[in-house]
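The values are calculated or read from the model by the stated rules, or taken from the named source; none is laboratory data. Being a predicted model, the structure only gives us computed values, none of them experimental. We place every Cβ from the backbone using ideal geometry, glycine too, and count neighbours over all the protein chains shown. These accessible areas exclude ligands, DNA and RNA; they are computed on the full protein's heavy atoms, side chains included. Shrake-Rupley method; radii C 1.70, N 1.55, O 1.52, S 1.80 Å.
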Amino acid sequence: MKVGDVKLVDLPKILDDRGNLTFIQEESHLPFKIERLYWIYDVPGGQVRGGHAYKELYEVIIALSGSFDVVVNDGREEKTFSLNRSYYGLFVPKMIWRGLENFSTNSLALILASAPYDESDYIRSHQEYQRINKLN
Ligand code: TYD
């Protein structure tokens, strides 16, 4: 997988004077079936989340509230996506190193994941990530 495979997905917006609405439907918006949701919140200023890749997991990351940066890296190239709208989802495929940083106060990150939690799917050492990448 390459940084170029990381994509911003523009989700539907139903604009309404009473308040806007956005939704995700697997068939039309996601290339995987959602098996798990998790969210990251109450992040103290300056803290960084992530710092790993997954062997098989696909994710979509959404800034439901506030803003933060997702820094993705494929061992060759690095790119930063600034998320600050609840109608954008960042699709991050397997085997992409990612970090979440620059969280604003009260930001809320929602992550849609393609599989249940499995610690053995994590690659938590960047050196190990580089080694596996070179084998592929
Ligand atoms: P981790 O995925 O390392 O956090 P992040 O990448 O967002 O910084 O997870 C932190 C801890 O939470 C780790 O001990 C595993 C646990 N965890 C679960 O039990 N279930 C989950 O779905 C997730 C995402 C994490």
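Count the lysine pairs in the chain that are 8 or more places apart or on different chains: how many have C-alpha atoms under 22 angstrom apart?
Within the chain, the lysine pair count is 18.
For the Cα atoms of the chain, what angle does the longest principal axis make with the long axis of helix 126-135, in degrees from 0 to 90, nearest 10?
70
Per DSSP H run of n ≥ 4, the term is -39500 (n - 2.57); total these for the chain, divide by its residue number, and report the mean residue ellipticity at 222 nm rounded to 500 deg cm²/dmol.
-2500 deg cm²/dmol
Among Asn84, Asn20, Asn102, which one shows the highest mean-square fluctuation when the chain is modelled as a Gaussian network with alpha-carbon springs under 10 Å?
Evaluated over the chain, the most mobile residue of the options is Asn20.
Between the DSSP loop rule and a limit of at most 13 other Cβ atoms within 10 Å, which chymotrypsin sites (Phe, Trp or Tyr not before Pro) in the range 1-40 are left?
When the chymotrypsin sites (Phe, Trp or Tyr not before Pro) of the range 1-40 are filtered for loop state and at most 13 Cβ neighbours within 10 Å, Phe23 remain.
In the chain, carbon and sulfur make up what percent of the accessible area (probe 1.4 Å)?
Using a 1.4 Å probe with all protein chains present, the chain comes out at 48 percent carbon and sulfur.
Hey, what's the Cα Rg ratio for the chain versus the globular rule of thumb, 2.2 N^0.38 Å?
It is 1.06.
Roll a 1.4 Å probe over the protein chains and send me the accessible area per residue for the chain in Å².
Value for the chain: 59 Å² per residue.
Which whole-number percent gives the relative contact order of the chain, counting Cα pairs below 8 Å spaced six or more residues apart?
35
What FRET efficiency comes out for Glu27 versus Asp121 if R0 is 30 angstrom and r is the Cβ-Cβ distance? Round to the nearest 0.05.
Here the calculated transfer efficiency is 0.75.
On each of the three principal axes of the Cα atoms of the range 69-116, give max minus min coordinate, whole Å, ordered largest first.
Sorted from largest, the Cα extents of the range 69-116 read 32, 25, 17 Å.
For Tyr87 and Lys2 in one chain, what is 0.36 nm times their gap in residues minus the Cα-Cα distance, to one decimal in nm?
Extra length available between Tyr87 and Lys2 comes to 28.2 nm.
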